[in-house]
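These notes are about the structure you will find just below.
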Amino acid sequence: MNLDFSQNLVPSIPFILKGIWVTLGIVALAALLGFILGIILALCKISRVKLLHWLADAYTSIFRGTPLILQLMIIYYGLPQMTGFDIPAYAAAVSAFALNSGAYISEVIRAGIQAVDKGQREAAMALGVPYKKMMWDIVMPQAFKNILPALMNEFITLTKESALVSVIGAMDIMRRAYIVGGKTYAYFEPMLFVGLIYYLLIVGLTFVGKGIERRLRQSD
């Protein structure tokens with residue numbers, strides 16, 4: 001193996017590291033929007049209104065049943081063809097990841113809500129607690145504790161899948177590694193370095209998730 005990190009990687013480390021903020025920005029914004037969308041979809045799925053239930057299920061089926069990269073391509077290349085307006089790579093990436101993540105998160109939240117003891121909902125209704133207040137003050141906090149590990153797994157998966165934005169030119173760490181490899185004609189060193197960055201990001205997220213879980217257990 002003819003590896004030369006000093007020539008093929010070290011001079012380009014600052015350039016690659018700048019992509020971390022692009023990656024984290026896309027992941028954080030997409031995760032926030034996906035979480036909000038997931039809550040809305042989950043509430044629609046447990047709604048007694050059949051139309052809302054059907055629409056939420058159809059949405060989840062489409063976004064879970066098609067590849068994420070296809071969804072990204074449709075938003076970035078397809079929508080401009082239909083609308084005549086270009087979509088920036090960053091906005092397309094956030095939109096695709098948020099829409100996709102929302103579908104998965106909705107199933108996690110739905111399962112968490114339905115796992116809460118029905119007796120608590122019945123007791124709240126018997127006491128005259130409004131439905132909205134019951135969901136946000138009684139059911140959702142308990143559901144959140146139960147689904148936190150699954151939510152962290154989704155966030156970790158989203159972080160790794162964010163590397164797909166390199167195919168539409170977003171200047172994340174993966175795209176920058178491609179550029180460095182193209183200039184030096186040596187891809188292994190920058191790719192190995194990017195792999196280390198992703199690994200450290202995932203380890204950091206794992207520790208954060210475990211810390212939140214401990215705090216929630218101590219508050220019980």
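When ALA124 is tested against (1) crowded, with 17+ Cβ neighbours inside 10 Å; (2) within 25 Å of ALA89 (Cβ to Cβ); (3) not charged (D, E, K, R), only condition (2) is not met. When LEU33 is tested against (1) modelled with pLDDT of 95 or more; (2) over 30 Å from ILE202 (Cα atoms), just one condition goes unmet, and that condition is (2). Taken as a whole, the structure leaves ILE36 outside the set of residues that are under 26 Å from the mean Cα position of the chain (by Cα), crowded, with 21+ Cβ neighbours inside 10 Å and more than 17 Å from GLU189 (Cα to Cα).
So is LYS18 modelled with pLDDT under 95, closer than 20 Å to TYR199 by Cβ and basic (Lys, Arg) or not? Here the answer is yes, as LYS18 does meet what is asked. Which of the residues spanning segment 4-33 are among the β-branched types (Val, Ile, Thr) and surrounded by 14 or more Cβ atoms within 10 Å (Cβ to Cβ)? ILE16, ILE20, VAL22, THR23, ILE26, VAL27 - these are the residues of segment 4-33 that are among the β-branched types (Val, Ile, Thr) and surrounded by 14 or more Cβ atoms within 10 Å (Cβ to Cβ).
Is it true that ALA170 is surrounded by 14 or more Cβ atoms within 10 Å (Cβ to Cβ), outside any loop (DSSP other than H, G, I, E, B) and either in contact (Cβ under 8 Å) with a residue 24 or more places away in the chain or within 22 Å of the chain's Cα centre (by Cα) (or both)?
So ALA170 fails the test.
Is there a residue being without any contact (Cβ under 8 Å) to a residue 12 or more places away in the chain, loosely packed, with under 14 Cβ neighbours inside 10 Å, not acidic (Asp, Glu) and not in a helix (DSSP H, G or I) anywhere in segment 185-194? Within segment 185-194 (the criterion being without any contact (Cβ under 8 Å) to a residue 12 or more places away in the chain, loosely packed, with under 14 Cβ neighbours inside 10 Å, not acidic (Asp, Glu) and not in a helix (DSSP H, G or I)), the answer is yes, since at least one residue qualifies.
Against the numbered list (1) on the phi > 0 side of the Ramachandran plot; (2) crowded, with 18+ Cβ neighbours inside 10 Å, LEU158 comes up short only at (1). Close contacts from segment 99-110, counting a first residue that is among the basic types (Lys, Arg) and a second that is surrounded by 24 or more Cβ atoms within 10 Å (Cβ to Cβ), with Cβ to Cβ under 7 Å and a gap of 6+ residues or different chains, come to ARG110/ALA42.
Considering the conditions (1) farther than 23 Å from ALA93 by Cα; (2) crowded, with 16+ Cβ neighbours inside 10 Å; (3) among the aliphatic types (A, V, I, L, M), LEU205 is excluded by exactly one of them, (1). Answer with yes or no whether ILE147 is part of a helix (DSSP H, G or I), in contact with a Gly (Cβ under 6 Å, 6 or more places away or on another chain) and either charged (D, E, K, R) or surrounded by 13 or more Cβ atoms within 10 Å (Cβ to Cβ) (or both). Judged against the criteria, ILE147 is a match. When segment 157-173 is filtered for residues that are closer than 17 Å to GLU107 by Cα and touching a Gly at 6+ places or on another chain (Cβ under 8 Å), only LEU158 remains.
Report yes if GLY128 is assigned to a loop (DSSP other than H, G, I, E, B) and over 27 Å from VAL167 (Cα atoms), otherwise no.
Values: assigned to a loop (DSSP other than H, G, I, E, B): yes; over 27 Å from VAL167 (Cα atoms): yes.
Spelling it out, GLY128 is indeed assigned to a loop (DSSP other than H, G, I, E, B) and over 27 Å from VAL167 (Cα atoms).
The values are calculated or read from the model by the stated rules, or taken from the named source; none is laboratory data. Source: prediction; values computed, not measured. Note: ideal-geometry Cβ built from the backbone for every residue, glycine included; neighbour counts use all protein chains shown.
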